Amino acid sequence: MQQQAGMDWMLKDLADSVPQTRQVLVLSSDGLRIAFHGSGVDAADRLAAACAGLQSLAGAVAQELPRTDGRMRMVVIEMSGGFFYLMAAGARAYLAVLADEGVDAGLMGQRMRDLVARIGEHLSTPARTAEQAT
């Protein structure tokens, strides 16, 4: 899958505005990389595939909450060495960020929300059809 033209500067802007950001990725709900910044293609593809599973898992967990639509809004994982953020960013699209442990978590969440609010409609991916699968 080719990187979506014109998205580079937006992802770079997010990475540059939050110190200690390692990777920024936009992916489709089925785990395909749309655009990325700060990593190689292989790393971006692996992260996109993992994100698809994580958003599905988060949706399943959300079903256990009363009065929920079951959609994942944001997942934050703290790991030894850093943080991972996954945020819904439009219809069938997600924004993911991998950052070092010294990242300002509040600033990261705010900048991710700002980016999604500014360009969320551009991050949406069309639904796949049977013809596209072949």
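Based on what the data block shows, is A60 out of contact with any Ser or Thr (no Cβ under 8 Å at 6 or more places or on another chain) and free of Cβ contacts under 8 Å to residues at least 40 places away in the same chain? The answer is yes for A60.
Pairing residues of segment 99-116 that are more than 16 Å from K12 (Cβ to Cβ) with residues that are surrounded by 13 or more Cβ atoms within 10 Å (Cβ to Cβ) and of a type in the set (S, T, N, Q), at Cβ distances under 7 Å and at least 6 apart in sequence or on separate chains, gives D100/Q20; G102/Q20; V103/Q20; V103/T21.
In segment 93-110, the qualifying residues are those that are within 13 Å of the chain's Cα centre (by Cα) and more than 19 Å from L32 (Cβ to Cβ), and the one that is modelled with the lowest pLDDT is G109. If we keep just the residues of segment 27-66 that are assigned to a loop (DSSP other than H, G, I, E, B) and under 15 Å from A91 (Cα atoms), which is modelled with the lowest pLDDT? The residue in question is S29. Of the residues making up segment 26-68, those that are on the phi > 0 side of the Ramachandran plot and not charged (D, E, K, R) are G31, G38.
If only residues of segment 59-103 that are among the charged types (D, E, K, R), out of contact with any Gly (no Cβ under 8 Å at 6 or more places or on another chain) and over 26 Å from G40 (Cβ atoms) are counted, the one that is surrounded by the fewest Cβ atoms within 10 Å (Cβ to Cβ) is R67.
The values are calculated or read from the model by the stated rules, or taken from the named source; none is laboratory data. Treat the numbers as computed from the prediction; the structure is a model and nothing was measured. We place every Cβ from the backbone using ideal geometry, glycine too, and count neighbours over all the protein chains shown.
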